[in-house]
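Student: Below are the structure tokens for one structure; questions will follow.
Each value in this text was obtained by applying a stated rule to the coordinates, not by laboratory testing. Everything numeric here is computed off the predicted structure, so don't read it as measured data. For neighbour counting, all protein chains shown are included, and Cβ atoms are generated from backbone atoms with ideal geometry for every residue, glycine included.
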Amino acid sequence: MICGLSGELAIPAQQVVELLRALPKEWQEWADRDDNRLDPVTTAVLADLVRQLADQIDLACIEIASTA
């Protein structure tokens, strides 16, 4: 679970991770289209950063679950 600043539940972490994993796929599809103005290198870098963030959230949740 991902908590808000007040400590109350805001959204399940799994949903956040799923969203973060879906975004780069969509960006890549957009970048592959001929009618876009996206820079493929920038798109790839941003997609990689978002994937890394999803991985970090996954690892943090695994760590929390394994110590509970």
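Student: Could you give the angle, 0 to 90 degrees to the nearest 10, between helix 13-32's Cα long axis and the longest principal axis of the Cα atoms of the chain?
Tutor: It works out to around 10 degrees.
Student: Ok, one more. Of the labelled options [x] 13.5; [y] 17.0; [z] 16.5, which one gives Kirkwood radius over Cα pairs in Å as computed for this structure?
Tutor: Recomputing Kirkwood radius over Cα pairs in Å here picks out [x].
Student: Calculate how steeply helix 40-67 sits against the longest principal axis of the alpha-carbon atoms of the chain, using the helix alpha-carbon long axis, and give the answer as 0 to 90 degrees to the nearest 10.
Tutor: Helix 40-67 sits roughly 10 degrees off the main axis of the chain.
Student: What FRET efficiency would be calculated for the residue pair W30, E8, taking the C-beta separation as r and a Förster radius of 35 Å, to the nearest 0.05?
Tutor: The pair W30/E8 has a calculated efficiency of 0.50.
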